[in-house]
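Structure first, then comments.
The values are calculated or read from the model by the stated rules, or taken from the named source; none is laboratory data. Keep in mind that this is a model prediction, so the values were computed, not measured. In this analysis, Cβ positions are derived from the backbone assuming ideal geometry, glycine residues included, and neighbour counts consider all displayed protein chains. For the accessible areas, the whole protein counts, side chains as well, though only heavy atoms, and no ligand, DNA or RNA atoms are used. Shrake-Rupley method; radii C 1.70, N 1.55, O 1.52, S 1.80 Å.
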Amino acid sequence: MEKILDVKDLEINFHTFAGDVKAIRDVSFHLNKGETLAIVGESGSGKSVTVRSIMGLLANNSNVPNGQIMFKDQDLLKISARQMEKIRGNDISMIFQDPMTSLDPTMPIGKQVAEPLLIHNHMSRAKAMERAEEVLELVGIPNAKNRIKDYPHQFSGGQRQRIVIAIAIVNYPEILIADEPTTALDVTIQSQIIELMKELQDKIETSIIFITHDLGVVAGIADRVAVMYAGKIIEYGSVDEIFYDPRHPYTWGLLNSMPTLESKKLYAIPGTPPNLLNPPKGDAFAPRNEYAMAIDYEAMPPFFKVTDTHYAATWLLHPDAPKVQPPAEILRRHELYHKYLAEQAKGGVPADAE
Amino acid sequence: MQNNGEPRKKIVEVKHLKQYFNAGRKNEVKAIDDISFDIYEGETFGLVGESGSGKSTTGRSIIRLYDPTGGEILFNGQDISKIKKHSPQMLEFRREMQMIFQDPYASLNPRMKIKDIIAEGLDVHHLVKNDAERDARVEELLDLVGLNKDHMTRYPHEFSGGQRQRIGIARALAVKPRFIIADEPISALDVSIQAQVVNLLEDIQKDQNLTYLFIAHDLSMVKYISDRIAVMHNGRLMELSTSDEVYNYPLHPYTISLLSAVPLPDPEYERHRKPHPYDASIEDESKDRYLQEIIPGHSVFASDDEVPMYREMAEKAHEKQPVNPAVLPGD
């Protein structure tokens, strides 16, 4: 599979009065062409910082001591601001979380959608507006022709997010980054926006990085999933591998703390995430981890291979580690997975052939 | 909820509540349009709906942050919908009913120390005699919500979202209320912290025999925490029943649509999930609709001639194993 984006050994610090916050601590991942990669994690885990660094949108007090972000044989961390401007909004574009604040309230929406065309493609104004209208139609704004002169406040939250998506895709970007695009929306609207993103991905053949903390949304949209905790990726794999056969105790905890139809008592991961001013020496999750071993406090676990596509950074996967019993919920998921795999092997319809 | 044959005590009775904003003017909004429901002592009553459905307004009207346009709200059998502001009755009633707010960042005064935030209710109601007693009570409350006394003299900005929500809970509990309205108390929190706060709310409920009105849009969490659930849409109740009934045997098309839109952390389920779009035209005004009991304990917003249809639906559904509407074949 062709890698369209390759992030290697990325480290990002933020300088504050209290000291340097180590927000991203040695993160590597890649994005394949045409796929959707979901990055999951709690607030402060570094998922938004990671994608902002790809867009070249880091705050002024940041510094990147180490790392590479390779896109089309160039390192996005090394290129000039001017070169980055050519890529941003053109080859790589972004959908932000809050559709209320990511649109300009004083500019008609047609003009906002046409803006990337005027800047990147030097299209004539009339042509750009025509194209804006097409794209607004594509993202499902009814009667787009008569609405391109309307202002953002004249649209509902869900429609505004559709407009934000229209701006992001108007140049057919190769990579679309969506930072919690549905968090501010109601479930029914959320489900429409996600359907729209899936449709658009097929139509314009883009690759998507989808950031969220909602595991339900991830299960529906992702091909692959990376789980972040305290500035590091701690586990990554295909969506089935992460949801049905997770290996890192933090991933177990996350899946276990979601209520299921059967749950009597909710599992809560104890404690809170560490302060990244002074990140812990070993596995950052160790103090909250009931499976933690002595070594977790001593040394950072490397990635251990589970399958060719599935890796997890936990000492539990070391050959010398004692065998532990995952929580009941994880075992239940395991069973489900084996059932699905068996059904598929029997020659039934493959699960993803709709 | 067990029911030992005795009729359960109703702690809150909402009767034909109406809350209009800009009433009588051109821009009138019927935020709540004639709703009725009861909340029993000791239960958790979940109120779900999309933004703009009127669920938060309902909570705010019950605790009298608004003056209802019409209808009655009985608390302990006493009508509180017409109590005057700043009256002794209002003070007394507010001691028994408290609220936990959604946004833990906006609901704590950034310039007050934690102990003063928590003790504000104690001061207003003169529940403590001196500073030593006040501090002791605050300590007790902090301990109850899983914080410690070192936190007393700190300010809100020194706490994380989850901790702030715990402070908000301690503040609500300070005056020993019997009924708490929790308006989206966990939606601003991370997944792992949500579970902590929900467990805390449940533990306190058992411990102090509290009754909750739990307002939320996260349906899976509402299902988990609630004994009964009401589904709200456009200022009206669409469906009301026990949480198991609403989830396993939803009857009203709006509930079915809402449930089918909830994504679950299960990729295989997600591949087959088909959202059912909702057509609001079935709520047309041509018929007189109100919340009617279809089968015992399960009510739906329907007109008289629609009742047999829903009844048949309910009976059919109960013959089969419970199914989530999202995996049914689409139409």
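In the protein assembly as shown, the convex hull through the Cα atoms has an average projected area of 34.5 nm², a quarter of its surface area.
The alpha carbon centroids of segment A:279-342 and segment B:197-231 are separated by 32 Å. Among the residues of B:40-51, the average count of other protein chain beta-carbon atoms within 10 Å of the residue beta-carbon is 1. Just checking the listed ones, A:GLN344, A:GLN97, A:GLN325: in the Gaussian network model of chain A with Cα springs under 10 Å, the one fluctuating most is A:GLN344.
Extension gain for A:ASN146 to A:ARG82 (0.36 nm times residue separation, less C-alpha to C-alpha distance): 19.5 nm. Against chain B, whose longest principal axis is taken from its Cα atoms, helix B:114-124 shows a tilt of about 90°.
Only bridges whose two residues both fall in segment B:10-248 count here: according to DSSP, what percent of them are antiparallel, nearest 5? Intermediate results must be reported in sequence, preceding the final value.
Values: 22 of 40 bridges.
Antiparallel bridges: around 55 percent, rounded to the nearest 5.
Here the relative contact order of segment A:150-211, from alpha carbon pairs under 8 Å that lie six or more residues apart, stands at 43 percent. Sites listed here are GluC sites (Glu not before Pro) in segment A:192-292 whose DSSP assignment is loop and whose Cβ has at most 13 other Cβ atoms within 10 Å: A:GLU205, A:GLU262, A:GLU290.
Comparing A:PRO65, A:PRO116, A:PRO108 in a Gaussian network model of chain A (Cα springs below 10 Å), the most mobile by mean-square fluctuation is A:PRO65. First check a/c for segment B:257-313, with a ≥ b ≥ c the square roots of the eigenvalues of its C-alpha gyration tensor; if it is under 1.5, answer rounded, and if not, answer prolate when a/b is larger than b/c or oblate otherwise. It is prolate, given that a/c is not under 1.5 and a/b is the larger ratio.
Candidate cross-link partners of B:LYS287 among the lysines, defined by an alpha-carbon separation under 29 Å and a same-chain spacing of 8 or more, comprise B:LYS15, B:LYS18, B:LYS26, B:LYS30, B:LYS55, B:LYS316. Using the rule -39500 (n - 2.57) for each DSSP H run of four or more residues, divided by the residues of chain A, the 222 nm mean residue ellipticity is -9500 deg cm²/dmol.
Could you tally the net charge around A:ILE295, taking each other residue with its Cβ under 14 Å from the Cβ of A:ILE295, Lys/Arg +1 and Asp/Glu -1? Value of the local net charge: -3. Taking θ as phi - 60° and the Karplus parameters 6.51, -1.76 and 1.60, the scalar couplings of segment B:283-296 work out to 8, 3, 7, 5, 10, 8, 10, 8, 6, 10, 6, 8, 10, x Hz in sequence order, x denoting glycine and proline. List, in the order given, every pair from B:LYS85/B:LYS223; A:LYS86/A:LYS127; B:LYS10/B:LYS84; A:LYS47/A:LYS198 whose Cα-Cα distance in the structure shown is over 30 Å. The pairs that break the limit, which is 30 Å between Cα atoms, are B:LYS85/B:LYS223. Straight Cα distances below 27 angstrom link B:LYS113 to the lysines B:LYS129, B:LYS149, B:LYS176, with same-chain residues fewer than 8 positions distant left out. Listed peptides A:85-91, A:227-233 appear in the order A:227-233, A:85-91 once ranked by packing, highest mean of other Cβ atoms within 10 Å at the front. Between the Cα long axis of helix B:191-208 and the first principal axis of chain B there is an angle of about 80°, rounded to the nearest 10. Can you classify segment A:1-90 as rounded, prolate or oblate using the Cα gyration tensor, where a ≥ b ≥ c are the square roots of its eigenvalues, rounded means a/c under 1.5, and otherwise it's prolate if a/b beats b/c and oblate if not? Oblate, since a/c reaches 1.5 and b/c is not below a/b. Given an 8 Å cut-off on Cα distances and at least 6 residues of separation, report the relative contact order of segment B:10-248 as a percent. That works out to 29 percent. Straight-distance candidates among the aspartates and glutamates for linking to A:LYS145, with alpha-carbon spacing under 19 Å and chain neighbours fewer than 8 residues away dropped: A:GLU115, A:GLU130, A:GLU133, A:GLU134, A:GLU137. Report, in degrees rounded to the nearest 10, the 0 to 90 angle that the Cα long axis of helix B:131-144 makes with the longest principal axis of chain B. Approximately 40 degrees, to the nearest 10.
Rounded, prolate or oblate: which one fits segment A:225-354, using the alpha carbon gyration tensor with axes a ≥ b ≥ c (rounded when a/c is under 1.5, else prolate when a/b beats b/c, else oblate)? Please report the intermediate quantities before stating the final value.
Numbers: a/c = 2.07, a/b = 1.62, b/c = 1.27.
Verdict is prolate for segment A:225-354.
Would you mind calculating the relative contact order of segment B:190-331 from Cα pairs under 8 angstrom and at least 6 residues apart, reporting the percent as a whole number? Contact order relative to length: 22 percent. Counting only other chain Cβ atoms within 10 Å of each residue's Cβ, the peptide A:187-194 averages 6. The alpha carbon centroids of segment A:233-260 and segment B:245-268 are separated by 24 Å. Buried accessible surface for the B/A chain pair comes to about 3200 Å², total over both chains, computed with a 1.4 Å probe.
Pairs of alpha carbons in chain B separated by more than 35 Å make up 26% of all such pairs. Using a cut-off of under 17 Å, list every residue of segment B:111-145 whose amide N is near the label point 7 Å from the Cα of B:TYR155 along the Cα-to-beta-carbon line. The answer is B:111-118, whose backbone nitrogens lie closer than 17 Å to the label point. Only helices enter the 222 nm calculation for chain B: every DSSP H run of n ≥ 4 contributes -39,500 (n - 2.57), and dividing by all residues gives -10000 deg cm²/dmol, rounded to 500. In loop segments of segment B:1-107 as defined by DSSP, the trypsin sites (Lys or Arg not before Pro) with at most 12 further C-beta atoms inside 10 Å of their C-beta are B:LYS9, B:ARG25, B:LYS26, B:LYS82, B:LYS84, B:LYS85.
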